[in-house]
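Worksheet for the structure shown next.
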Amino acid sequence: MTSATGNAVIRVRDLEKAYDIGDETVYALHGVSLEVRRGEFVAIMGASGSGKSTLMNIIGCLDRPTGGSYELDGVDVSSMSDDELSEVRNHKLGFVFQNYNLLPRMRAVDQVMVPLFYSGDPAATRQERAIESLRRVGLGDRLWHRPTEMSGGQQQRVAIARALVTNPSVLLADEPTGNLDSRVTEEILALLQESNEQLGVTILMITHEADVAECATRIVQIDDGKVIADRQVTDRRRAHHQVITADHDVVPVPADAASGQPTVSPA
Amino acid sequence: MSPIDSLRVAYDALTAHLLRTILAMLGLIIGVGAVIALLAVGRGSQDDVARNIASLGTNLLTITPGASSQGVVRAAAGSRPTLTYEDAQAIATPGQADFVADVSVEQVIGVQIVVPGGGNLSTRAIGTTDRYPVVRSTPLTEGDFFTDEQVRSSALVVVLGSSIAQQLFGNDSAVGQPVRISLGRTGVTFNVIGVMASRGGTALGNVDDRVLVPITTMSKALVRFRAPGGTFVSSIQVQASSPEEMALAAASIGELLRQRHKVTEDDFLVQSQQDALDAASSVARTQSFLLGSIAGISLVVGGIGIMNTMLVSVTERTREIGIRRAVGARRRDILMQFLVEAVLVCCVGGLLGAATGIGISLLIDGREVLGQVMHARLTADAVVLALVVSVGIGVFFGFYPASRAARLRPIEALRYE
């Protein structure tokens with residue numbers, strides 16, 4: 001349910017994204033309206049080609065709409081310059097991708113420090129903040145590892161630490177568990193739920209797995225460039241509870257709220 | 001992003017592909033090294049020329065036959081003999097020309113020398129006066145030069161250049177030996193009275209293989225032809241009383257010669273050593289400019305190599321650019337990142353190139369290459385120039401790849417496989 005309350009973080013109205021292919025105009029988004037309140041965990045579902053990724057890219061200020069309006073934190077971003085959009089991405093948004101998108105050869109701490117380079121953070125506190133963010137995602141003992149020295153789940157944790165290090169308003173996750181097996185998927189989902197609840201960061205997560213979407217508080221379904229369904233999750237699934245300690249790897253323990261075994265198949 | 005951060009990122013990126021970075025630098029290293037080494041060699045040969053000319057005697061004026069005109073026909077300079085021994089004598093006569101300290105003449109003809117053991121030796125004979133050793137500042141190693149008296153009496157005496165003496169008599173003393181010099185069918189036996197010190201080959205030719213005879217003897221005994229105007233000479237050497245009075249001396253001599261030749265327009269040319277020095281060093285300058293230009297081309301080629309490598313690097317790191325843009329890098333952050341990388345490559349390449357160039361210069365300085373002693377003079381300005389140019393190359397050839405990286409749209413860069 002979209003309710004027009006004052007604390008909407010994302011307010012999208014009649015959003016359109018059209019491509020001219022020859023004489024034809026193809027709409028990737030055809031009038032999407034959506035409001036996301038602060039602290040929500042929204043799963044966006046849809047088949048491939050439904051326009052869900054285009055919507056994410058526009059909300060993530062990586063792409064511009066061809067029509068409609070988009071307000072982030074009460075500010076209209078559709079008319080911003082390229083530099084202003086860079087700043088918005090840096091300060092207000094965090095990204096988590098399916099393929100982690102870490103920088104090659106860089107140590108975990110350096111990866112997480114990259115957004116802080118561009119935010120003009122003082123050099124003295126950068127590393128401290130990066131280490132703190134890595135501890136929060138349970139990688140206290142992997143601070144100096146490079147991507148090639150880490151598992152997929154660990155790499156995705158580094159990506160989440162990088163996304164959260166600037167304390168963004170919104171975390172955008174594009175199929176964050178798409179490349180992970182079922183056990184690690186649960187770990188990552190638990191981490192996202194925890195971040196959502198403990199840090200209060202609003203999360204938008206694209207997925208096409210029903211039981212991954214069930215971990216969110218709200219599910220929006222997109223098809224053919226339009227929102228076709230939008231519902232609150234009544235029976236929210238808790239991802240396998242995690243014990244996260246500062247200096248040790250994640251230890252999964254069975255959670256009481258878990259509804260059966262997850263059936264995640266690789267994308 | 002602060003400059004220090006940019007440098008660190010650039011350093012990491014460059015060391016990640018160390019071999020590629022070094023290969024990209026190589027062109028620049030060679031280019032900068034070549035520019036510095038060739039400029040040093042050029043400067044060294046300029047010095048050589050200057051040294052040679054200075055050693056021929058300062059405050060020396062050389063008078064050569066100039067263009068003469070007969071009616072409307074104007075001949076090229078030096079094409080017709082206009083200067084005579086008598087002109088030189090007039091210049092030397094006190095009260096005729098001012099600021100003149102010493103005068104000598106030189107008339108050069110090709111002769112054969114009969115070698116005592118058999119066979120002939122082709123060389124050049126210089127007909128001159130007793131003032132030659134003073135004016136040309138060349139001392140003798142053995143015996144004496146001919147005297148004023150011997151010049152006046154057309155004595156059959158000869159002074160040998162050092163290499164001729166070596167060829168004719170080996171290590172034996174030449175003084176007192178008879179030498180037969182012939183011009184055409186005329187052969188005359190001369191008595192060796194001295195041997196000149198070696199001057200070595202210079203930019204102006206080697207004088208060690210010449211023989212020196214009195215001008216009067218050359219005219220009477222060898223050439224055996226006396227033109228109505230007097231004894232022709234190919235040049236007159238005048239030593240001015242001081243370097244400051246060279247111009248005054250030249251003017252005074254000019255006036256006297258115009259009077260004697262009864263012309264209004266000069267049919268002779270008065271040149272100072274400075275003129276010769278200027279001419280020779282302008283040749284040397286042109287030479288080193290040409291050498292430098294050729295080396296400069298290799299710098300440009302080096303720059304293109306760097307641009308190529310940077311373009312490959314940008315394409316290869318498209319995803320990285322996308323990621324950086326996604327987490328907040330602005331276009332100019334990306335531009336700076338790649339520009340700093342290119343400039344860093346060029347700085348390091350330039351420094352290595354400068355070290356190479358300096359090394360080569362030091363290596364060849366004073367060494368004999370192809371029978372000639374090479375001199376190389378390193379100057380700070382050449383090194384600084386080469387370094388500045390290599391940084392410039394970094395900016396120039398790094399800008400296009402960097403701006404291409406900065407222009408990438410974040411969403412497309414992120415999706416790049």
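The values are calculated or read from the model by the stated rules, or taken from the named source; none is laboratory data. A quick note: this is a predicted structure, and the numbers were derived from the prediction, not measured. Quick reminder, even Gly has a Cβ in these numbers, built from the backbone with ideal geometry, and neighbours come from all protein chains shown. The accessibility values were calculated without ligands, DNA or RNA, using every heavy atom of the protein model including side chains. Shrake-Rupley method; radii C 1.70, N 1.55, O 1.52, S 1.80 Å.
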* **All strands (runs of 3 or more DSSP E) inside the stretch B:88-153 with 1 or more residues being open to solvent by 20 Å² or more (accessible area, probe 1.4 Å), out of contact with any Ser or Thr (no Cβ under 6 Å at 6 or more places or on another chain) and more than 16 Å from B:L212 (Cα to Cα)** => B:100-114, B:120-128
* Return yes when B:I53 is at pLDDT below 85 and either away from chain A (no Cβ under 14 Å) or open to solvent by less than 20 Å² (accessible area, probe 1.4 Å) (or both) and no when it is not. => yes
* Could you tell me whether A:A258 is at pLDDT below 50, open to solvent by less than 50 Å² (accessible area, probe 1.4 Å), within 20 Å of A:L180 (Cβ to Cβ) and not β-branched (V, I, T)? => yes
* Taking only the stretch A:81-95 into account, find how many residues are without any contact (Cβ under 8 Å) to a residue 12 or more places away in the chain and either more than 9 Å from chain B (Cβ to nearest Cβ) or at positive phi (or both). => 2
* Among the residues of the stretch A:171-187, is there at least one that is within 22 Å of A:V88 (Cβ to Cβ) and part of a helix (DSSP H, G or I)? -> no
* To do: Report yes if some residue within the stretch B:230-240 is at positive phi and surrounded by 14 or more Cβ atoms within 10 Å (Cβ to Cβ); otherwise report no.
  => yes
* Please find, among B:V111, B:V103, B:V115, B:V159, the residue that is closer than 26 Å to B:L256 by Cα and among the β-branched types (V, I, T). => B:V103
* To do: Could you tell me which residue of the stretch B:292-322 is nearest to the other protein chains (Cβ to nearest Cβ), considering only residues that are β-branched (V, I, T) and under 30 Å from B:V41 (Cβ atoms)?
  => B:I306
* **First in the stretch B:254-270 and in contact (Cβ under 8 Å) with a residue 60 or more places away in the chain, second anywhere and of a type in the set (D, E, K, R) and open to solvent by 20 Å² or more (accessible area, probe 1.4 Å), Cβ under 7 Å, 6 or more apart** => B:D266/B:R258
* Could you say whether any residue in the stretch B:395-410 is open to solvent by 70 Å² or more (accessible area, probe 1.4 Å) and within 14 Å of another protein chain (Cβ to nearest Cβ)? -> yes
* Is there a residue being away from chain B (no Cβ under 14 Å), under 30 Å from A:A213 (Cα atoms) and either of a type in the set (V, I, T) or in contact with a Gly (Cβ under 6 Å, 6 or more places away or on another chain) (or both) anywhere in the stretch A:41-48? -> yes
* Count of the stretch A:205-219 residues which are out of contact with any Lys or Arg (no Cβ under 8 Å at 6 or more places or on another chain) and either open to solvent by 10 Å² or more (accessible area, probe 1.4 Å) or more than 24 Å from A:D181 (Cβ to Cβ) (or both) -> 3
* Would you mention how many residues in the stretch A:18-45 are of a type outside the set (A, V, I, L, M), under 21 Å from the mean Cα position of the chain (by Cα) and over 17 Å from A:I203 (Cβ atoms)? => 1
* Asked: Is it true that some residue in the stretch B:373-383 is out of contact with any His (no Cβ under 7 Å at 6 or more places or on another chain), part of a helix (DSSP H, G or I) and closer than 18 Å to B:M25 by Cα?
  -> yes
* **Flag if B:R319 is assigned by TED's automatic domain parsing to the domain that holds B:F396, in contact with a Phe, Trp or Tyr (Cβ under 6 Å, 6 or more places away or on another chain), charged (D, E, K, R) and open to solvent by 40 Å² or more (accessible area, probe 1.4 Å)** => yes
* Enumeration of residues in the stretch A:38-61 that are open to solvent by 60 Å² or more (accessible area, probe 1.4 Å) and in contact (Cβ under 8 Å) with a residue 24 or more places away in the chain -> A:R38, A:A47, A:S48
* May I ask you to say which residue of B:T189, B:T216 is in the same structural domain as B:E142 (by TED's automatic domain parsing) and out of contact with any helix residue (DSSP H, G or I) (no Cβ under 9 Å at 6 or more places or on another chain)? => B:T189
* Asked: Among the residues of the stretch B:323-337 satisfying the criterion of being more than 8 Å from chain A (Cβ to nearest Cβ) and closer than 20 Å to A:D110 by Cβ, which is most open to solvent (accessible area, probe 1.4 Å)?
  -> B:M336
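Here's the yes/no breakdown for (1) open to solvent by 20 Å² or more (accessible area, probe 1.4 Å); (2) more than 8 Å from every other protein chain (Cβ to nearest Cβ); (3) out of contact with any helix residue (DSSP H, G or I) (no Cβ under 9 Å at 6 or more places or on another chain):
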{"residue": "A:F97", "(1), (2), (3)": "yes, no, no"}
{"residue": "A:Y100", "(1), (2), (3)": "yes, yes, no"}
{"residue": "A:M106", "(1), (2), (3)": "yes, no, no"}
{"residue": "A:V109", "(1), (2), (3)": "no, yes, no"}
{"residue": "A:V112", "(1), (2), (3)": "no, yes, no"}
{"residue": "A:L116", "(1), (2), (3)": "no, yes, no"}
{"residue": "A:Q127", "(1), (2), (3)": "yes, yes, no"}
{"residue": "A:R135", "(1), (2), (3)": "yes, yes, no"}
* Asked: Out of all the residues in the stretch A:179-204, which are touching a residue at least 40 places away in the same chain (Cβ under 8 Å) and surrounded by fewer than 19 Cβ atoms within 10 Å (Cβ to Cβ)?
  -> A:N179, A:D181, A:S182, A:R183, A:E194, A:G200
